[in-house]
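A.B. asks: What follows is a structure written as structure tokens; I'll ask about it next.
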Amino acid sequence: MIEPFRHARDLLTTIPGVSIVVADVIIAETGADMSIFPSPAHLAAWAGVAPGQNESAGRKKQTTTRPGNSYLKGALGIAAFAAAGSKNTYLGARYRRIAARRGGLRAVVAIERSILTSVWHMLTDDAVYRDLGADHYQLSHPDQIKRRAIRQLRALGLEVDLRPAS
């Protein structure tokens, strides 16, 4: 039954954490035709991995994710946990970065959405997954990383003097 979608399955299995079984579930639940979703945000909302909205009197309150396709959410959860355990990938670094601030389960939902966004782009553009790398955040914000390191060293009681490397 999955034979007509073999190319889509091969594309999806290039995402870290997405196995053949998870790729089959993604294809079975979405139909592998992304033209019905105008954007990756629409796909995420349909799947139920978009953040819920609960705002009253200008205050944004904490809420759960939206209801969505339970089979797809389950498969994405398996893929997200597998990707979170990966060492040198963008998804693994993203998980650790979000989990440090927001907690592990919220980070898993964020990884599920990242995977689903990648799925939408890959099946729309017929492209293979291109990993940004675990050091993507450090390379994109070097000044922020430098300031954080200086602040941590000063908190330990060390005086910091920066000089360019010779």
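A.B. asks: Regarding Glu159, is this residue among the charged types (D, E, K, R), modelled with pLDDT under 90 and either surrounded by 14 or more Cβ atoms within 10 Å (Cβ to Cβ) or over 24 Å from Asp10 (Cβ atoms) (or both)?
C.D. replies: Against the criterion (among the charged types (D, E, K, R), modelled with pLDDT under 90 and either surrounded by 14 or more Cβ atoms within 10 Å (Cβ to Cβ) or over 24 Å from Asp10 (Cβ atoms) (or both)), Glu159 qualifies.
A.B. asks: Next question. Could you tell me whether the stretch 77-96 includes any residue that is within 28 Å of Ala134 (Cβ to Cβ), over 14 Å from the mean Cα position of the chain (by Cα) and small (Gly, Ala, Ser)?
C.D. replies: No, every residue in the stretch 77-96 fails to be within 28 Å of Ala134 (Cβ to Cβ), over 14 Å from the mean Cα position of the chain (by Cα) and small (Gly, Ala, Ser).
A.B. asks: Show the residue pairs that are 6+ apart or on different chains and have beta-carbon atoms under 7 Å apart, the first residue being within the stretch 1-26 and free of Cβ contacts under 8 Å to residues at least 40 places away in the same chain and closer than 18 Å to Thr89 by Cβ, the second being of a type in the set (Gly, Ala, Ser) and part of a helix (DSSP H, G or I).
C.D. replies: Qualifying pairs under 7 Å: Thr13/Ala23.
A.B. asks: Determine the pairs where a residue that is over 22 Å from Ile115 (Cβ atoms), located within the stretch 49-71, has a partner that is assigned to a helix (DSSP H, G or I) with Cβ atoms under 9 Å apart, the partner being 6 or more residues away or on another chain.
C.D. replies: Nothing qualifies.
A.B. asks: Considering each of Ala47, Ala23, Ala32, Ala41 in turn, give the residue that is at pLDDT 80 or above and on the phi > 0 side of the Ramachandran plot.
C.D. replies: Only one candidate passes the filter, namely Ala32.
A.B. asks: Here is a further query. Only residues in the stretch 98-114 that are at positive phi count as the first member; pair them with residues that are hydroxyl-bearing (Ser, Thr, Tyr) and surrounded by 14 or more Cβ atoms within 10 Å (Cβ to Cβ), Cβ under 8 angstrom, at least 6 apart or cross-chain, and list the lot.
C.D. replies: Close Cβ pairs satisfying both conditions: none exist.
A.B. asks: Starting from residues that are of a type in the set (A, V, I, L, M, F, W, C) and buried (at least 18 other Cβ atoms within 10 Å of the Cβ), keep the ones in the stretch 46-59 and report whichever is farthest from Val109 (Cα to Cα).
C.D. replies: In this case the residue turns out to be Trp46.
A.B. asks: Which of the residues belonging to the stretch 123-162 are in a helix (DSSP H, G or I), more than 21 Å from Tyr95 (Cα to Cα) and in contact (Cβ under 8 Å) with a residue 24 or more places away in the chain?
C.D. replies: Residues satisfying the conditions are Leu123, Thr124.
A.B. asks: Further question: Take residues that are among the charged types (D, E, K, R) and tell me which of the helices (runs of 4 or more DSSP H) falling wholly in the stretch 1-72 contain 2 or more.
C.D. replies: 6-12, 20-30
A.B. asks: When only residues in the stretch 1-34 that are within 17 Å of Thr124 (Cα to Cα) and touching a Ser or Thr at 6+ places or on another chain (Cβ under 8 Å) count, which is surrounded by the fewest Cβ atoms within 10 Å (Cβ to Cβ)?
C.D. replies: The residue in question is Thr13.
A.B. asks: Among the residues of the stretch 121-130, is any at positive phi and loosely packed, with under 12 Cβ neighbours inside 10 Å?
C.D. replies: yes
The values are calculated or read from the model by the stated rules, or taken from the named source; none is laboratory data. Keep in mind that this is a model prediction, so the values were computed, not measured. Quick reminder, even Gly has a Cβ in these numbers, built from the backbone with ideal geometry, and neighbours come from all protein chains shown.
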